[in-house]
Each structure stands twice: as structure tokens, then as C-alpha cells.
Amino acid sequence: MRRIIPLIFFTILISSSAFAQNTFKAQIKDAKTGEPLIGVNAIVEGTSLGSSSNEEGIVDLKNIPDGNFTLKFSYIGYEDSIITIVFPDKESEMMVIVMKEQAEELEEISVTSTRSSRLIDDEPTRVEVITEEEIDEKVSMDPSNISMLLSESTGIQVQQISAASVNSTFKIQGLDGRYTQLLKDGFPLYAGFSGSLSINQIPPLDLSQVEIIKGSSSTLYGEGAIAGLINLISKQPKKERDLSFLANGTSAFGLDVSGFYSQWFDNYAIKFFTSYNNQKAYDNNNDNFSDIPEIKRFSINPMFYFFLDENSALEIGGSITTENRLGGSIPVIKKNVDSIFTYSEENSSDRYSTKVKYEFKISNNKKIIFKNSLGLFKREIKLPGYVFKGDEFSSFSELSYSVKEENVDWIFGVNIVTDDFTDKSSFQLNRNYSDLTLGGFIQNTFDISNDIILESGFRSDYSPDYGFFTLPRISLQTKLSKSLTSRIGGGFGYKLASLFSEDAEQINYKNIVPLNSNIEAEKSIGFTADINFRTILFDEITFTINQLFFYTRINDPITLADIEPVGYLKYENLDGHYDTRGTEINLKITYEHFKLFIGYTYIDARTHLMQAEQPLALTPKNKIGIVLMYEEHDKIRIGLEGYYTGEQKLSDGTIVTDFWITGLMIEKMFENISLFVNFENILDTRQSKYSPMYTGTPSNPVFAEIYAPTDGRIINGGIKIRL
């Protein structure tokens, strides 16, 4: 009996200890601002106990048994905080837990397209960014040019405008590519005549990110940004050497080879990029016409950086691109004599450009930047019995002064843009033209509070042929909470009349007469509004959703029209307007090594002419993109994607079918080498399955409007080397 009593006492003691209940209370604060964080998830690891912080940032965990426990605090956008406590805790007072902001994928991205050089989370203007990681994925799918990079972005449609030569343009929110300004590192990339081959001739290997602003944005860089702007940001030299090579081959008889080198020395740096693309003519539907033309292209782009002293730096560089593109009848391309298939279409082009940038730091918060670029583009189009040939010389110069104060940033600037075209065709009318635009701009970014930021801008441009343009712009960002942010903005845009457009490109500039003096520039107004929400679900899944609404209106749009004698064409302003409205939804879900992206675009683009409405041709109302990615950093990457394009209307009113395009990409990384293979368009979706690609005769074909892929299923694979 004496032994039993101590045993019972010991059992009761152990039992009471096991069922002891402890309480933990703490206030969670932002390490930088000291503000309470609402909705922080707190869990006691190894148990089912958990809670979240209230409006005062206080978290209260109850019924914690005695023992040694690890407490984990997690919050979207912040680094996890982990502490270990032995219960019962002798210090029963409420603890203070500070959490540091995490440089997450979105938060560490700095954008430069608005000139303010802010983190994307603090930029009032809505800027979409394609990161270097995403670019690297697309390089494995198509390293020859940036068309795939853009086509798989929500709200952007790459439009093939030539069946024989496969020249392409891109549309933002349903508006033609001539309404979008294309930049590289803040410099206008191609003007007028040179823009028609733009995305087909830009390789992506030297890009670090791509910044996209949708909606009228002429206030930022001047003429042309009615639908928006795309700024290609190139890689910059770092302290460590960056040397990489890529080789890629395709089942359509294509070869891509490129190399990139950059390095930063004591007081100077160097960057060098070169690429070579060779494509054999490819006919996938056996109609004896090329679905991919024969292409030979070579590009070289050196840049030099001089750090003159601690306050000044100079960049000098240039680029050369030469290309020959031959499409049409396979017998002609292969130099076989054939009396029936005699049609061919040859594009020869040479691009030469220079770039200079000088930056002088007056003080810690004041600096002056001077930019200048010169470009020469030479192009010749040869068809049976017809030649179009011309040279275009363009220039861009800008001087800006910026001041950064505690809550306010100011940027003041002036610029000069020139564009001169010399027509060397045998056309009897002189189609030479010259444009000069002078501009001045002011931009202000005002941090009204930690949660409200206002960005405004004003530009005034003058063209001797078209007069003055007044271009205000405003954007407001409101951080409703740590998880919820909204942006709303709008601005004006304009586009000068030009001999060059998608419609003209389709007919190879045949019989187009010079611009008349009565034509007016196109003017626009546009608005965008979006809301962005992100959170962590079940303590493991990152969830982000962005909803965008947009509207753009173009007054007095310019189009090609028939004139007498029959067969000649002229540009004229239409009595009416175009407008485009719609929505974009982007959803991203991340769980461990898996990422799911879903993008949906709805576009209602219409012409309003003569009191009648018509949908804009070749503009599908519905597009969906789905990408599932599995990635272990520096080990393996597997991507499965599907893109849906809804029904669309052709120029003659015909409604064409919807379609899906699917693909699979696999990349295996080793220490310095990556091997990749990509199965593009697995379902072999192509327009030739739905309708004939041309009418007429093989010697005088009339090609169909392109609304679906023409190349079909293609497999490519290659190697990336990083040294």
C-alpha cells in the first residue's frame, strides 16, 4: 500500500503536466515602420494550434502544453519569423515580434520605363514586367526573336501579316502595332519603315527584363504610344564576368547560335552580344509554298561603359543587323526551274544604329542625363515584276534633369526626334518624307503617404507639319492593405501620319501615293484601372490575382483608301473613331516547386464610322493562356502550356474558327550547362487545316489573311553554356 500511494501521486503529477495549458501572446510589427501587421499567420509546429494577428497586430495562442515548442510566423511579402520557447514560460509578458519585408519576385523588381526607377510595388503607373527568369524560359522555346516572348503575354497578340515572308507585328489590347512604341533601354528602337520587321529581328538572349505599359503613354516618350509601350531592358555588366552561349536547332531546319559577354573592370565595362540565325524554307502542308521562309540573319551589338569619376559615366555602343528573307514558291527558293510555281517574295534589310548616354550626378539627389541615338535602315522588297526599295534615317536626342526629395521626385526634359525616308523605288511619284518633332516634358511622383502615391506628367510636342500636341497623364496608386493594391490612371496619345502601316506591309507598299498635306495626326485618350490581391493560403500556397480594366479611343483614325485611277491607294482620316475596351485577369499560384499561371483577355475593339459600328478585323474577343511550371532552381525546369484564341472576324466579314495551341518544354541544368527540348504546337494547329492559304494561280497567288499559325508543330532543342 505504501508503494501504491507514491505511484498514484506520480501518475497524477505526470498527467497534470501533460494537460497543462499555456498561453502565448505577442504583437507583430513591421521591422522598418514599426506598424502592426494584421493577418499574420502564427502556428505552433507539431500541433494543430494556430491563430492570426488582429487589427492591433496581436496574436493570441492558447492551450499550449508544457514542453519545448517552435512558433512560426508567416505573412505575404515578409520573411518567416521563427522562435523557440519552453513552456511554461517564466516571462509571461507580451512579446514583440518584428518581421522584415522579403525581396519577393515582384517586390525586388525595379522599373525604369517611367524614368522614376522605382520598385514595381511603389510605381503608380501600371507596369507589367517579364522577368529574366521568364525570358530564359522563352529563350528555350524560341531564341531567334522576341515574338513568342510577347505573344504569350496577356493582352498582347502577335499578328502575322505576310504568308510568304512571315513578317509579323503585335497588337496591344486589339490595336495595331503602329500604335505601340518599342524601346530598348529607354531609347526608341525602330521608327516608321523600320518597324515592320521589328519583333522578327530582335533576339532575346541579351535581355534582363521587358517592361510593358498599356494605354495611351505618349506623355512619357512622345509620338506613337497610343496603345502603350514596350521597353526591352538589356543586361548590364556586373563585377563578375558574364559569358554565355546558346545553340538551338529545330525540326523545321532552323539553326540559332548566339553569345553574350559582359564584365566590369576598375573604371570601365564592356558588353558584347552577337547572334546568327539560319532557317531553311519549310513547307509543312505540301502546297509548294513556304510556311517558313528561308532566312539568314546576323546581328552584332557592342557596348562600352566608362566611369569617368565618381559622379559621371558614359555609355557608347551600336548595333548592326543584316538579314535576307526569301519566301514563296519552294522551287524558286531552291533555284529549281518550274513553269508553274514562279512566285517569290524577298526581303533584304540592313540596320545600323549608334547609342550614347552620359549621366552626371550633381549631388546625391540631383542628376543630368543626355541620350542620343542614330539609326539607318535600308530595305528592299522584290516580287516578280515589282521592287520596293528605300532608306530611312532616324535620330533621337534627349536631355533630362531629375531631383529626388524626401517625398517628391521631379524630372524635367526636352527632346528632338527626326525621321527621314528616301524612296528608291521606280514609282513615278516622289514618296520621300521628313518628320521633325520637338518636345518638352515634366514628370512628378509624390508620396502622399505610405499608402498613397500620385504620379503625374505633362508633355508638349511640336511638329512643323502637324502643329502642337498637349499630353497630360496621371496615375494614382492606393495600398488598401498589405495584400490589396489598386492603380488607376489615364493619359493622351498621338500618332503622326506615316507611309508605313500593317495594311501597307501586306501589299508590299504597291501603288501607295505620297501623304497629302490635309491629313491629320491621330489622337487618343485612354484609361486603365486595376486591383491586385495576394495572400498565402494554408501557410504554403502563394496566391496572386490581378484584374485590369481598360479603355482607349482613337479619333480621326488613318486608313488606306482607293483613289482614281483604280488600283492606287492613299492614306486619309476617317470621319469617326476607333475604340477598344475590355479586361485582363492574371492569376498566379505557387506551391513549393510548382507555379500555375492563368491569363484571360476580353477585348471589344470597334470602328465607329458613318454612324455604324463594326468589330475590328483580326481581333479575337477572348484569349486564354495557361502555363504550369515545375522548377527546381539550377536543376530542372518543366513547363506545360496551352493558349486559346477565340473566334475572330476577317476583313471581309468572315468569322473564322477558334483554336488551341499547346506546348511542352523540358530543361535540365548542370553546373555550367543546360540542355533543353521544346515541343511547340503539339496539336499541330495551323491555318491550312481550316482553309486554303491562297487563291488564284501558283504564279500569281492571292494569299489569305493570317489568323492562325502557319508553321504547325515544331520541335526544337539545344544547349546553353554559362562560363
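The values are calculated or read from the model by the stated rules, or taken from the named source; none is laboratory data. Owing to the predicted nature of the structure, the values given are computational and were not obtained by experimental measurement. No Cβ is skipped: glycine too gets one built from the backbone with ideal geometry, and neighbour counts run over all protein chains shown.
Of PHE341, PHE393, PHE377, which residue is outside the structural domain of ALA164 (by TED's automatic domain parsing), out of contact with any Lys or Arg (no Cβ under 9 Å at 6 or more places or on another chain), crowded, with 17+ Cβ neighbours inside 10 Å and closer than 29 Å to THR219 by Cα? Before you say what the answer is, go through the steps one by one.
Working: PHE341 fails: closer than 29 Å to THR219 by Cα; PHE377 fails: out of contact with any Lys or Arg (no Cβ under 9 Å at 6 or more places or on another chain).
After ruling out the rest, the residue left standing is PHE393.
Consider ILE333 carefully, then state whether it is surrounded by 20 or more Cβ atoms within 10 Å (Cβ to Cβ) and of a type in the set (Val, Ile, Thr).
Yes: the conditions hold for ILE333.
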The stretch 623-654: number of residues that are out of contact with any Ser or Thr (no Cβ under 7 Å at 6 or more places or on another chain) and either without any contact (Cβ under 8 Å) to a residue 12 or more places away in the chain or not in a strand (DSSP E or B) (or both): 9
Identity of the residue in the stretch 168-194, assigned to a helix (DSSP H, G or I) and at pLDDT 85 or above, that ends up nearest to ASP579 (Cα to Cα): TYR179
Positions within the stretch 305-330 being of a type in the set (A, V, I, L, M, F, W, C) and either crowded, with 20+ Cβ neighbours inside 10 Å or over 23 Å from TYR190 (Cβ atoms) (or both), in sequence order: PHE306, PHE307, LEU308, ALA313, LEU314, LEU326, ILE330
Filtered residues of the stretch 655-672 (kept if under 28 Å from the mean Cα position of the chain (by Cα), within 30 Å of PRO615 (Cβ to Cβ) and not in a loop (DSSP other than H, G, I, E, B)): VAL656, PHE659, TRP660, ILE661, THR662, GLY663
Selection from the stretch 132-154 of residues that are more than 16 Å from TYR707 (Cα to Cα), within 14 Å of the chain's Cα centre (by Cα) and assigned to a loop (DSSP other than H, G, I, E, B): ASN145, ILE146, SER153, THR154
Selected residue [touching a residue at least 24 places away in the same chain (Cβ under 8 Å) and over 18 Å from GLY222 (Cβ atoms)] from GLN477, GLN428: GLN477
Cross-chain or 6+ apart pairs with Cβ under 7 Å, the stretch 552-567 first and over 14 Å from LEU609 (Cβ atoms), then among the small types (Gly, Ala, Ser) and in a strand (DSSP E or B): THR552/SER524; THR552/GLY526
Filter result for the condition that a residue is outside any loop (DSSP other than H, G, I, E, B) and of a type in the set (A, V, I, L, M), over LEU205, LEU220: LEU220
Qualifying residue in the stretch 630-646 (condition: of a type in the set (Asp, Glu), surrounded by fewer than 18 Cβ atoms within 10 Å (Cβ to Cβ) and under 29 Å from GLN506 (Cβ atoms)): no
Unique match (being surrounded by fewer than 15 Cβ atoms within 10 Å (Cβ to Cβ) and in the same structural domain as PHE427 (by TED's automatic domain parsing)) among LEU537, LEU609: LEU537
Test: residue in the stretch 282-293 that is surrounded by 21 or more Cβ atoms within 10 Å (Cβ to Cβ) and either at pLDDT below 95 or of a type in the set (S, T, N, Q) (or both): yes
Filter result for the condition that a residue is surrounded by fewer than 16 Cβ atoms within 10 Å (Cβ to Cβ) and farther than 26 Å from GLN506 by Cα, over SER251, SER244: SER251
Condition met for ASN267 (surrounded by 15 or more Cβ atoms within 10 Å (Cβ to Cβ), in the same structural domain as GLY491 (by TED's automatic domain parsing), out of contact with any Asp or Glu (no Cβ under 7 Å at 6 or more places or on another chain) and not acidic (Asp, Glu)): no
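Could you list, in sequence order, the residues of the stretch 545-572 that are in a loop (DSSP other than H, G, I, E, B) and closer than 22 Å to ALA225 by Cβ? So that I can check it myself, show each step before the final result.
Here is the first cut: in the stretch 545-572, the ones in a loop (DSSP other than H, G, I, E, B) are 556-557, 564-567.
ASP556, PRO557 - these are the residues of the stretch 545-572 that are in a loop (DSSP other than H, G, I, E, B) and closer than 22 Å to ALA225 by Cβ.
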Matching residues, the stretch 598-653, being modelled with pLDDT under 95, farther than 21 Å from GLN159 by Cα and of a type in the set (D, E, K, R): GLU613, GLU631, GLU632, ASP634, LYS635
Subset of the stretch 476-531 (residues that are under 30 Å from GLN428 (Cα atoms) and of a type in the set (S, T, N, Q)): SER498, SER501, GLN506, ASN508, ASN511, ASN516, SER517, ASN518
Meets criteria (in contact (Cβ under 8 Å) with a residue 60 or more places away in the chain and surrounded by fewer than 19 Cβ atoms within 10 Å (Cβ to Cβ)) for ASN700: yes
Residue check, LEU484 of a type in the set (A, V, I, L, M, F, W, C) and crowded, with 18+ Cβ neighbours inside 10 Å: no
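Of all residues in the stretch 613-665, count the ones that are small (Gly, Ala, Ser) and under 23 Å from ASP142 (Cβ atoms).
Qualifying residue count for the region: 4.
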Members of the stretch 167-190 found to be surrounded by fewer than 22 Cβ atoms within 10 Å (Cβ to Cβ) and out of contact with any strand residue (DSSP E or B) (no Cβ under 6 Å at 6 or more places or on another chain), listed by number: GLY186
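Among what's in the stretch 673-694 and is outside any loop (DSSP other than H, G, I, E, B) and surrounded by fewer than 18 Cβ atoms within 10 Å (Cβ to Cβ), pick the residue that is nearest to the chain's Cα centre (by Cα).
VAL677
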Residue within the stretch 521-534 that is in contact with a strand residue (DSSP E or B) (Cβ under 9 Å, 6 or more places away or on another chain), surrounded by 16 or more Cβ atoms within 10 Å (Cβ to Cβ) and modelled with pLDDT under 95 present: yes
Filtered residues of the stretch 573-622 (kept if aliphatic (A, V, I, L, M) and either on the phi < 0 side of the Ramachandran plot or assigned to a strand (DSSP E or B) (or both)): LEU574, ILE585, LEU587, ILE589, LEU596, ILE598, ILE603, ALA605, LEU609, ALA612, LEU616, ALA617
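The rows are residues; the columns are (1) at pLDDT below 80; (2) in contact with a Phe, Trp or Tyr (Cβ under 8 Å, 6 or more places away or on another chain); (3) surrounded by 14 or more Cβ atoms within 10 Å (Cβ to Cβ); (4) part of a loop (DSSP other than H, G, I, E, B).
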position	(1), (2), (3), (4)
THR11	yes, no, no, no
ILE14	yes, no, no, no
GLY34	no, no, no, yes
ASP60	no, yes, yes, no
LYS72	no, no, yes, no
GLU93	yes, no, no, yes
VAL96	no, no, no, no
Residue satisfying condition, being free of Cβ contacts under 8 Å to residues at least 40 places away in the same chain, in a strand (DSSP E or B) and over 20 Å from THR697 (Cα atoms), within set SER349, SER395, SER373: SER395
Matching residues, the stretch 455-493, being closer than 30 Å to ASP435 by Cα and β-branched (Val, Ile, Thr): THR470, ILE474
